Protein chains: 2
Amino acid sequence: MKAQLGADEGKHKFVLKTPKGTRDFGPKEMAIRERAFKAIISCFKRHGAEVIDTPVFELKETLTGKYGEDSKLIYDLKDQGGELLSLRYDLTVPFARYLAMNKITNIKRYHIAKVYRRDNPAMTRGRYREFYQCDFDIAGQLKIVHEILSDLQLGDFVIKVNDRRILDGMFAVCGVPDSKFRTICSSVDKLDKVPWDEVRSEMVGEKGLSPEAADRIGEYVQLHGGLELIEWLLQDPKLSQNKLAKEGLGDMKLLFEYLTLFGITGKISFDLSLARGLDYYTGVIFEAVLLQQENEHVEEPVSVGSVAGGGRYDGLVGMFDPKGRKVPCVGVSIGIERIFSILEQRLEASGEKLRTTETQVLVATPQKHLLAARLKLISELWDAGIKAEMLYKKDPKLLKQLHYCEDMGIPLAAIVGEQELADGVVKLRDVATREEVDIPREKLVDEIRRRLEP
Amino acid sequence: MKAQLGADEGKHKFVLKTPKGTRDFGPKEMAIRERAFKAIISCFKRHGAEVIDTPVFELKETLTGKYGEDSKLIYDLKDQGGELLSLRYDLTVPFARYLAMNKITNIKRYHIAKVYRRDNPAMTRGRYREFYQCDFDIAGQLKIVHEILSDLQLGDFVIKVNDRRILDGMFAVCGVPDSKFRTICSSVDKLDKVPWDEVRSEMVGEKGLSPEAADRIGEYVQLHGGLELIEWLLQDPKLSQNKLAKEGLGDMKLLFEYLTLFGITGKISFDLSLARGLDYYTGVIFEAVLLQQENEHVEEPVSVGSVAGGGRYDGLVGMFDPKGRKVPCVGVSIGIERIFSILEQRLEASGEKLRTTETQVLVATPQKHLLAARLKLISELWDAGIKAEMLYKKDPKLLKQLHYCEDMGIPLAAIVGEQELADGVVKLRDVATREEVDIPREKLVDEIRRRLEP
């Protein structure tokens, strides 16, 4: 991707590249991206969501104090006089700013945009988020994630759910001191990548937790299941005595009842090891994970991992409210970049030819000096709403024109030569079968439409 | 738009606003924007264009030396260690960088993206550009602009065309010294806003042009017309002796022949006063201008002006090429922000109610304790691909649910009460006519599809 032209030449000394961590999207990459976007947007629309957009940069102070240690990854703009600005780091904080500014408390919106992190090398782009206000609608979000992952045919997946209150209750009954909840939670968050032994040593060695407390946590975090696990934990002699855990388990039970009505419990796993990194979650959290592919077309196994996540965060909008009023929010973020690279790898492996245009007809001529005839015919097709192209050369060879159809996947060629012009017809060629039929000019548009019908 | 909450409160001292020159797009604004985008993208697709995307920032040196005096309007990123970066100022320079980097010389692509200028207050966003390589295809671009402006029903418009070579030839035969071509060209560029007298004083007073030369220019720049004007100028005793002007007029004549085949000469005006600001144009230039609206619905006349422009620039890609090879390019840029504000004002004036979602059915219940029934039914509709919503409250009142349909423009309500559940039916309500019919549950999806058919 990164050509370094001209570095050694006298005349132009700059390096020809995109900034570190960024890339261009050419027509092929864009075609894949648009296919994924289409599936995701249709799903949001099917669920009645509205769309919003916010600026790419925010006042620096809007982002200050929202990301903890990650703040060092924020891109700041240079002080060129005027306001101090930063590129948005996620869509959640600008959205919370939008809600507080417009005093909105009831919302169901999605937002598609790039976010900017001085990460190395992960440039997280194109995040989709959907936000709902109401508590029980976390079920609706899980349904959306389920539909999107099914529609995109990414392979088998599981959506893990947990609740910050259950985690905190669990930490309490295991004997973790209050002050260590967040840092022990971060250790638990590593369980999807690191085995329990290592996480345990971190808890005990680095974070100073007692070995007994760590072992008690170890027993809980290996649990995962469905409604029966929730019921069982509600009977757990220790956990059932903890107010937070009980609240969380009660809500989790209700959530599973809704998910049963949606018919998607098969892919949902209540998983006590799910912790999620970000600090701002306050209730239910979830994460969708792709399972190892067993796809015969894919030679190298596609890297698996989290492709969507979210949860409930009630405090963030309040940080922008002069009176600190809480606005309950639940949000989902779809990892479009990861989905995109899976689709890209899979497409490459399958050898499927991806179209980068939607052109239906190539207007072609078999002889020279027929540019005017092509221009006139293509104009008629465009005006009839037909997607048409011609080669941008004065006198292209017919073979070259037909090769172009094959290269670009254009299904039809409309050929006008001297004979066709004299006869008032157009030769319509099916590019795949190579069959050619003369069509009276006035019937051409109808015939093309008929042939393109699904 | 800019609420200033919390400025006087003790707890949260920040100002709640978007950065100067930026705005949020709420659901209503987005619905308008998407309507405009849809028309523009369909047109590009109809013409067989591919789409590309480049990063929002570039290496600072990529932008250096491309914009002349306007460089001061570029947003730089803060030096946080690593590469020096700037936000893109237009799409042309990143695109030229993309072409040079990938050694592409034959292209027909469009690019939709925001660009960033430290202008006051104009934040130019969402530019569409299309690029073609071949010379005669400037006609194709004018056809695209013609189709887009017609499709969007923005009112009457004219597309002015001229050629930098005709301008330069005209300056030469009027006695403008070579060194003053560009600065006199900038003066001519002001003629769409300022009367000739003022432009003339600027030329003579500020720029030191002889009054005779200025008067000769004055005669030429008032000329505008079609093929007959081109023919007449080709006979002009002075202009026809100038090599550059003759070349430009020859190409202009050819362009008008193509435009005649496209049937759009009625809206095209060859206008000798068109100069275009940017330095990088080298051949044909054009600009689409909306004419004064006479729309009874619009109380205040919508501000008129340029909504699209472009031209041929052959030198830019060469600036990135180690050997400085020229790549011929012609590009068009659609002023989506201006189009957007015209559509927004017009919509406001018309009182038309704009839908911000595409929801087809609201799933409603007339009694309490029927949340489960709603969840089950809505899930069936989603799975059948029907766009459905329900209110995110446990027990909403029926009246509230029906008002929501009216507010949001949802055409149908699917109502399940205790009686309907017992009878195995759903009450389907036409929101506009208030007519209600009981539909057997298993026939509901088909009935909804039938009613929603266009």
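The values are calculated or read from the model by the stated rules, or taken from the named source; none is laboratory data. Source: prediction; values computed, not measured. A quick note on method: Cβ atoms are made from the backbone with ideal geometry, for glycine too, and the neighbour counts reach across all protein chains shown. Each accessible area value is taken on the protein alone, full model and side chains, heavy atoms only, with ligands, DNA and RNA left out. Shrake-Rupley method; radii C 1.70, N 1.55, O 1.52, S 1.80 Å.
The one condition from (1) under 22 Å from residue B:146 (Cα atoms); (2) touching a helix residue (DSSP H, G or I) at 6+ places or on another chain (Cβ under 9 Å) that residue B:229 does not meet is (2).
Tell me, please, whether a residue that is closer than 20 Å to residue B:30 by Cβ, outside any strand (DSSP E or B) and modelled with pLDDT of 90 or more can be found in segment A:9-23. Within segment A:9-23 (the criterion being closer than 20 Å to residue B:30 by Cβ, outside any strand (DSSP E or B) and modelled with pLDDT of 90 or more), the answer is no, since none of the residues qualifies. Quick one: in segment A:69-95, of everything that is in a loop (DSSP other than H, G, I, E, B) and among the aromatic types (Phe, Trp, Tyr), which residue is most open to solvent (accessible area, probe 1.4 Å)? Out of the qualifying residues, it is A:75.
Quick check on segment A:63-105: of everything there that is touching a residue at least 40 places away in the same chain (Cβ under 8 Å) and among the polar types (S, T, N, Q), which residue is farthest from the other protein chains (Cβ to nearest Cβ)? Among those that are touching a residue at least 40 places away in the same chain (Cβ under 8 Å) and among the polar types (S, T, N, Q), it is A:92.
When B:389, B:420 are checked against the criterion of being within 12 Å of residue B:362 (Cβ to Cβ) and crowded, with 21+ Cβ neighbours inside 10 Å, a single residue qualifies: B:389.
Taking the criterion of being outside any loop (DSSP other than H, G, I, E, B) and either modelled with pLDDT under 90 or open to solvent by 20 Å² or more (accessible area, probe 1.4 Å) (or both), no residue of segment A:270-286 qualifies. Of all residues in segment A:55-65, those satisfying the criterion of being surrounded by 21 or more Cβ atoms within 10 Å (Cβ to Cβ) and not in a strand (DSSP E or B) are A:55, A:56, A:62, A:63.
Checking the conditions here, which among B:31, B:39 is in contact with a helix residue (DSSP H, G or I) (Cβ under 8 Å, 6 or more places away or on another chain) and either open to solvent by 10 Å² or more (accessible area, probe 1.4 Å) or within 8 Å of chain A (Cβ to nearest Cβ) (or both)? Please lay out each step first, then the result.
Values: B:31 fails: in contact with a helix residue (DSSP H, G or I) (Cβ under 8 Å, 6 or more places away or on another chain).
Checking each option against the conditions leaves just B:39.
Restricting the first member to segment B:387-398 and to residues that are within 9 Å of chain A (Cβ to nearest Cβ) and in contact (Cβ under 8 Å) with a residue 12 or more places away in the chain, and the second to residues that are open to solvent by 20 Å² or more (accessible area, probe 1.4 Å) and in a loop (DSSP other than H, G, I, E, B), the beta-carbon pairs closer than 6 Å and six or more apart or on different chains are B:387/B:358; B:387/B:360. Scanning segment B:304-333 for residues that are open to solvent by 40 Å² or more (accessible area, probe 1.4 Å) and among the charged types (D, E, K, R) yields a total of 4. Candidates in segment B:348-379 are the residues that are in contact with a Lys or Arg (Cβ under 8 Å, 6 or more places away or on another chain) and in a helix (DSSP H, G or I); of these, the one that is farthest from the other protein chains (Cβ to nearest Cβ) is B:371. Restricting A:188, A:194, A:199 to those that are at pLDDT below 95 and touching a Ser or Thr at 6+ places or on another chain (Cβ under 8 Å) reduces the list to A:188.
Of the residues making up segment B:201-246, just one is among the basic types (Lys, Arg) and more than 17 Å from residue B:166 (Cα to Cα), namely B:207. The set of residues in segment B:86-137 being at pLDDT below 80 and of a type in the set (Phe, Trp, Tyr) consists of B:128, B:131, B:132, B:136. With (1) of a type in the set (Asp, Glu); (2) modelled with pLDDT under 95; (3) under 28 Å from residue B:142 (Cβ atoms) as the list, and residue A:352 as the residue in question, which single condition is left unmet? Unmet for residue A:352, out of (1) of a type in the set (Asp, Glu); (2) modelled with pLDDT under 95; (3) under 28 Å from residue B:142 (Cβ atoms): (3). Taking segment A:150-179 as the range and being surrounded by fewer than 16 Cβ atoms within 10 Å (Cβ to Cβ), more than 30 Å from residue A:339 (Cα to Cα) and small (Gly, Ala, Ser) as the test, the residues that pass are A:175, A:179.
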